[in-house]
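One structure is given here, and the rest of the page talks about it.
The values are calculated or read from the model by the stated rules, or taken from the named source; none is laboratory data. Here the structure is a predicted model, which means the values were calculated and not measured. Cβ placement follows ideal geometry from the backbone for every residue including glycine, while neighbour counts extend to all protein chains displayed. Protein only, heavy atoms only, side chains kept; ligands, DNA and RNA dropped before computing areas. Shrake-Rupley method; radii C 1.70, N 1.55, O 1.52, S 1.80 Å.
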Amino acid sequence: MAVLTEEQTMLRDAAKGWASESAPVGALRKLRDSKSKQTFDPAAWAEMGQMGWAGVIVPETYDGSAFGYLGLGLILEETGRTLAASPLLSTAMIAASALQLGGSDAQKQAWLSKIATGEAVATLAVDEGAHHAPARTALSATQSGAGYVLNGTKTLVLDGEAADLLIVAARTSGAPGDTNGVTLFLVAGDAAGVTRSHLSLIDSRGAAKIAFDGVEVGADAVLGEVDKGWAVLEPTLDRAYAGLAAEMLGSASAAFDITLDYLKTRTQFGQVIGTFQALQHRAAKWFTDLETTRSCVEAALEALDAGADSRALASLAKAKASELVHLASNEMVQMHGGIGMTDAHDAGLYMKRARVTEALFGGASFHRDRYARLMGF
Amino acid sequence: MADFGGTDLDAFRADTRAWLEANYPKSLNAPMGEDEAPWGGRKMVWKNPDAKLWLDRMAERGWTAPMWPKEYGGGGLSKAQNKVLEQELRRLKARPALMSFGVWMLGPVLLEYATEEQKQRFLPAIVRGETRWCQGYSEPGAGSDLASLQTKCEDKGDHYLINGQKVWTSYADQADWIFCLVRTDTSKKHEGISFVLFDMTSPGVEARPIKLISGSSPFCETFFDNVKVAKEQLVGKLNGGWDIAKRLLQYERQNISASGFGGGGGLSLVEAAKKELGVDGEGRIADGDFRARLAAHSMDAHAFMLTVRRAEAESKQGSGPSAAVSIIKYAAAKMNQERTELLVEALGLQGLGWEGDGFSADELAAPRAMLRAKGNSIEGGTSEVNLNVVAKRVLGLLDHQ
Ligand SMILES: Cc1cc2nc3c(=O)[nH]c(=O)nc-3n(C[C@H](O)[C@H](O)[C@H](O)COP(=O)(O)OP(=O)(O)OC[C@H]3O[C@@H](n4cnc5c(N)ncnc54)[C@H](O)[C@@H]3O)c2cc1C
Ligand SMILES: Cc1cc2nc3c(=O)[nH]c(=O)nc-3n(C[C@H](O)[C@H](O)[C@H](O)COP(=O)(O)OP(=O)(O)OC[C@H]3O[C@@H](n4cnc5c(N)ncnc54)[C@H](O)[C@@H]3O)c2cc1C
């Protein structure tokens, strides 16, 4: 655990208490069993807003607490522990970052306060294929009068159906694969020509597929500069990688704690199964991976707070966290034996969430490749 | 008739091929849906009547249990002939005529341990797919440590009385009969267990389905409340059930691994990866990291397949399942888990769908198969327990505890 300030410790403890009492794993199960198409529980999100968690990285001028990325990471870790469904990542981390990194005063004025208080849900719409590939943005934005017209489809948009604001990566020049020629646009979630359809995913939260069919926006909808959206998009995505990694770290830690408890209580052959070395070593190795991943996640968040180049650290954190949740969810099921295979046990929910977070914003392959490129090999 | 005489075997192949071609219903060439698995039994609903026809035709020749003796309804084939039959079935890409715990697990131990009356009574019905069996082994407190089971079986003079609970009983709600391990002597652990058979419609039997993480419900909790069982349904000796139980587990592992677990939807891993990850100028999967991991997996799977073949060839000389069966079950579970994981990963977002729009049926099958595969290293004895067995029995390493 990074050395936390007193305020950070208080924030973490508050998040831990709230998540375990108000948003335990059972809440996600309930959301799933209600067959709702909502990707989060609005009442829980409202509470998070009241506690100020949506504004952790937002400056005080816009009603935030300017508490920084490590602070938000601590909350994401705690909500990750209980698989709490909320737009914290999409809105408070990713969209708030994009607006701060690239927004004009007017854009910040229009959106940041609403985000910080939990009034507005906002999200980034970037990927268009089955795999994370931001540079391959193809959705077109063509100039029309003083504004632009957007045409194309985004495959997986977090909390996309609920979002008041979509931050859309579009191509204004160049070809898919070029980082030049990408432009970010602010589009109202209910703008004419926007069709949002629900994707029912294995993690019971789901996401939206969003089609843009001749969506008209004004010139003031451009976030950052035309053709130079990459300068905002890439650092925004680094925040997405690091924030998601913090959530994943929390899920893996909870899976570990639950399993460790089981190893200490389940008896077979007249002894608790935790006495079997075959399981002890794997628990110890799992713990090693948890600790090394924690170092990476915290380092990435701290680098963001310090304003340092955090690209390699963000990919390191996301790659390690992807490997970790994979290991953690598999081990959780295996060490629980048959009971871990049942729907009634939480192990399955951790496993399904793990597979979605692994793939989201690039899997381990994507981030290993990016890391290698950033390291110059 | 000589089993290995080339000409005899060639003639057998020609006959078999001709018969299969004439008798395999063409309508079964379509992929088999999960709800079409031919488990047979009283509750089976045949979606496609040709599947039932196929079962009946195969059963008529005893080819649903090709190597069992003819007097019990089996095919009476030699190993060599059976191999030919399997090859010819594969050549036709034929669906299995019957999937059956009776054929895979129970039948072989009945042949070995049951009385003549019991063999006559139970085996032919298994061959014909009339009786579907389930396995009543595990209990809430007795999983890996199976011998600690507590389900009580009392001698009431002219019958037995059974009370207790089983769990993870696959398809108990669909099965007609159960082969069940019960405790007949509480003063001893292994030597107090007996092996009994009874009808699942007996008064006092209740099976409640348990839902799995993959969304399906093949499992049950099974409760026995004063279930009366006729004494002639005890197999082997009273308190001698543990040897039968272990023998059956060997057949279970052998069958689990021989089938390689299978499943995973109709998608080809390589094709899916090429489609969703793209290819480079030379037609290779563009993502080098994924390609390297896929290559490593493919080589492991290849090595596994060669090992299965070698073990088969070697077992022709010996008799019964060998110790190598334990590593094969372990390796098969690992292979199937890796393969289903790689498919989900290759599909990216398209491999994360649970239901509804935006995904093809094959895509939706992929994550469910991946989740189901997690049970491969648990069912039929966990991988850890299998490795313990290999370490102790095969390698001669002593117990640490
Ligand atoms: C390069 C090198 C430098 C070294 N430098 C030093 C030094 O500076 N000072 C010093 O005092 N020693 C040193 N050692 C010795 C080292 O500490 C011992 O080799 C080590 O503790 C293992 O002991 P061993 O070789 O007797 O192996 P053993 O204890 O006989 O172990 C053999 C194998 O059994 C495994 N094993 C043993 N017990 C268990 C258990 N309970 N559970 C599971 N597995 C077990 C071990 O992991 C190992 O794989 C050095 C060794 C090497 C190789
Ligand atoms: C898909 C599926 C189908 C099944 N079908 C049937 C069926 O039809 N009929 C039936 O009777 N049962 C069935 N089972 C039950 C299965 O046989 C048991 O789940 C299995 O034996 C493990 O027992 P358990 O679940 O109680 O786990 P436990 O025995 O509690 O094991 C928990 C963990 O401890 C580990 N462990 C236990 N002992 C040791 C040891 N000595 N050394 C190292 N590690 C150890 C295990 O490997 C596991 O990781 C099925 C299970 C599954 C998942």
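Counting only helices (runs of 4 or more DSSP H) that fall entirely inside the stretch B:4-112 and contain at least 2 residues that are under 21 Å from the mean Cα position of the chain (by Cα), the qualifying elements are B:49-60, B:79-91. Sub-7 Å Cβ pairs linking a first residue in the stretch A:87-99 that is closer than 19 Å to A:Ala221 by Cβ to a second residue that is part of a helix (DSSP H, G or I) and aliphatic (A, V, I, L, M), at least 6 apart or interchain, are A:Thr91/A:Ala54; A:Thr91/A:Ile115; A:Ile94/A:Ala240; A:Ala95/A:Ile115; A:Ala96/A:Leu112; A:Ala96/A:Ile115; A:Ala98/A:Val232; A:Leu99/A:Leu112, ordered by first then second residue.
When A:Val356 is tested against (1) within 10 Å of another protein chain (Cβ to nearest Cβ); (2) β-branched (Val, Ile, Thr); (3) within 16 Å of ligand 2 (Cβ to nearest atom), only condition (3) is not met. Selection over the stretch B:125-156 of residues that are open to solvent by 20 Å² or more (accessible area, probe 1.4 Å), part of a helix (DSSP H, G or I) and more than 12 Å from ligand 2 (Cβ to nearest atom) gives a count of 0. Remark: pairs (first residue in the stretch A:265-281, among the charged types (D, E, K, R); second residue within 6 Å of ligand 2 (Cβ to nearest atom); Cβ separation under 7 Å; 6+ apart in sequence or on different chains) = A:Arg266/A:Ile273. For the stretch B:166-186, the set of residues classified as more than 14 Å from chain A (Cβ to nearest Cβ), out of contact with any Cys (no Cβ under 6 Å at 6 or more places or on another chain) and in a strand (DSSP E or B) consists of B:Trp177, B:Phe179, B:Cys180, B:Leu181, B:Arg183, listed by residue number.
The set of residues from the stretch B:204-222 being within 12 Å of ligand 2 (Cβ to nearest atom) and assigned to a loop (DSSP other than H, G, I, E, B) comprises B:Ile213, B:Ser214, B:Ser216, B:Ser217, B:Pro218. Answer with yes or no whether A:Ala98 is on the phi > 0 side of the Ramachandran plot and either surrounded by fewer than 24 Cβ atoms within 10 Å (Cβ to Cβ) or within 19 Å of the chain's Cα centre (by Cα) (or both). So A:Ala98 does not fit the description; no. Within the stretch B:37-55, the residues that satisfy the criterion of being surrounded by 14 or more Cβ atoms within 10 Å (Cβ to Cβ) and touching a residue at least 24 places away in the same chain (Cβ under 8 Å) are B:Ala37, B:Pro38, B:Trp39, B:Gly40, B:Gly41, B:Met44, B:Asp50, B:Ala51, B:Leu53, B:Trp54, B:Leu55.
If you check A:Val232, A:Val157, A:Val215 for being within 16 Å of A:Gly129 (Cα to Cα) and of a type outside the set (Lys, Arg), only one passes: A:Val157.
Among the numbered conditions (1) outside the structural domain of A:Ala46 (by the TED database); (2) among the hydrophobic types (A, V, I, L, M, F, W, C); (3) open to solvent by 10 Å² or more (accessible area, probe 1.4 Å), the only one that A:Leu166 does not meet is (3). Of the residues in the stretch A:170-178, not one is in a helix (DSSP H, G or I) and open to solvent by less than 10 Å² (accessible area, probe 1.4 Å).
Contact annotation: residue pairs with Cβ atoms under 6 Å, 6 or more positions apart or on different chains, pairing a residue in the stretch B:175-189 that is of a type in the set (Gly, Ala, Ser) with a partner that is open to solvent by 10 Å² or more (accessible area, probe 1.4 Å) and not in a strand (DSSP E or B), are B:Ala175/B:Arg132; B:Ala175/B:Met200.
Any chance the stretch A:33-44 includes a residue that's at positive phi, without any contact (Cβ under 8 Å) to a residue 60 or more places away in the chain and loosely packed, with under 13 Cβ neighbours inside 10 Å? Yes, the stretch A:33-44 contains a residue that is at positive phi, without any contact (Cβ under 8 Å) to a residue 60 or more places away in the chain and loosely packed, with under 13 Cβ neighbours inside 10 Å. Test A:Val232 against the criterion of being away from ligand 1 (no atom under 16 Å from the Cβ), closer than 26 Å to A:Val126 by Cα, part of a helix (DSSP H, G or I) and touching a strand residue (DSSP E or B) at 6+ places or on another chain (Cβ under 7 Å), and give yes or no. Considered against the rule, which asks whether it is away from ligand 1 (no atom under 16 Å from the Cβ), closer than 26 Å to A:Val126 by Cα, part of a helix (DSSP H, G or I) and touching a strand residue (DSSP E or B) at 6+ places or on another chain (Cβ under 7 Å), A:Val232 comes out as yes. Taking the criterion of being within 16 Å of ligand 1 (Cβ to nearest atom), within 14 Å of chain B (Cβ to nearest Cβ) and surrounded by fewer than 17 Cβ atoms within 10 Å (Cβ to Cβ), the residues of the stretch A:272-295 that qualify are A:Thr275, A:Gln277, A:Ala278, A:Gln280, A:His281, A:Ala283.
Figure legend. Inter-residue proximity from the stretch B:375-396: first residues more than 9 Å from chain A (Cβ to nearest Cβ) and more than 6 Å from ligand 2 (Cβ to nearest atom), second residues open to solvent by less than 30 Å² (accessible area, probe 1.4 Å) and in a loop (DSSP other than H, G, I, E, B), beta-carbon distance below 8 Å, spacing 6+ or different chains. Indicated pairs: B:Val389/B:Gly381. Scanning the stretch B:167-196 for residues that are within 19 Å of the chain's Cα centre (by Cα), open to solvent by less than 10 Å² (accessible area, probe 1.4 Å) and either among the aliphatic types (A, V, I, L, M) or within 13 Å of ligand 2 (Cβ to nearest atom) (or both) yields a total of 7. Close Cβ contacts (under 8 Å, 6 or more residues apart or on different chains) running from residues in the stretch A:104-119 that are over 12 Å from A:Gly49 (Cβ atoms) to residues that are open to solvent by 60 Å² or more (accessible area, probe 1.4 Å) and not aromatic (Phe, Trp, Tyr) comprise A:Ser104/A:Asp220; A:Ala106/A:Asp220; A:Gln107/A:Asp220; A:Leu112/A:Asp63. Has the stretch A:185-206 got at least one residue that is part of a loop (DSSP other than H, G, I, E, B) and open to solvent by 40 Å² or more (accessible area, probe 1.4 Å)? Yes, the conditions are met somewhere in the stretch A:185-206.
Only a single item in (1) more than 14 Å from A:Glu128 (Cβ to Cβ); (2) open to solvent by 10 Å² or more (accessible area, probe 1.4 Å); (3) not hydroxyl-bearing (Ser, Thr, Tyr) is not met by A:Gly152, and it is number (1). Against the conditions (1) more than 16 Å from ligand 2 (Cβ to nearest atom); (2) on the phi > 0 side of the Ramachandran plot; (3) open to solvent by 10 Å² or more (accessible area, probe 1.4 Å), A:Gly337 satisfies every one except (1). Residue count for the stretch A:57-95, restricted to those that are crowded, with 24+ Cβ neighbours inside 10 Å and of a type in the set (D, E, K, R): 3. For the stretch A:263-307, the set of residues classified as part of a loop (DSSP other than H, G, I, E, B) and either within 19 Å of the chain's Cα centre (by Cα) or more than 14 Å from ligand 2 (Cβ to nearest atom) (or both) consists of A:Gly307 only. Could we say that A:Leu313 is within 14 Å of ligand 2 (Cβ to nearest atom), touching a residue at least 60 places away in the same chain (Cβ under 8 Å), not acidic (Asp, Glu) and not assigned by the TED database to the domain that holds A:Ile57 here? Answer is no for this residue.
So which residues in the stretch B:63-79 are open to solvent by 10 Å² or more (accessible area, probe 1.4 Å) and either modelled with pLDDT under 95 or of a type in the set (Gly, Ala, Ser) (or both), if there are any at all? Passing the criteria: B:Gly73, B:Gly76, B:Ser78, B:Lys79. Here the stretch B:308-363 is the region considered, the condition is being over 30 Å from A:Ser204 (Cβ atoms) and of a type in the set (Ser, Thr, Tyr), and the residue that is modelled with the highest pLDDT is B:Tyr330.
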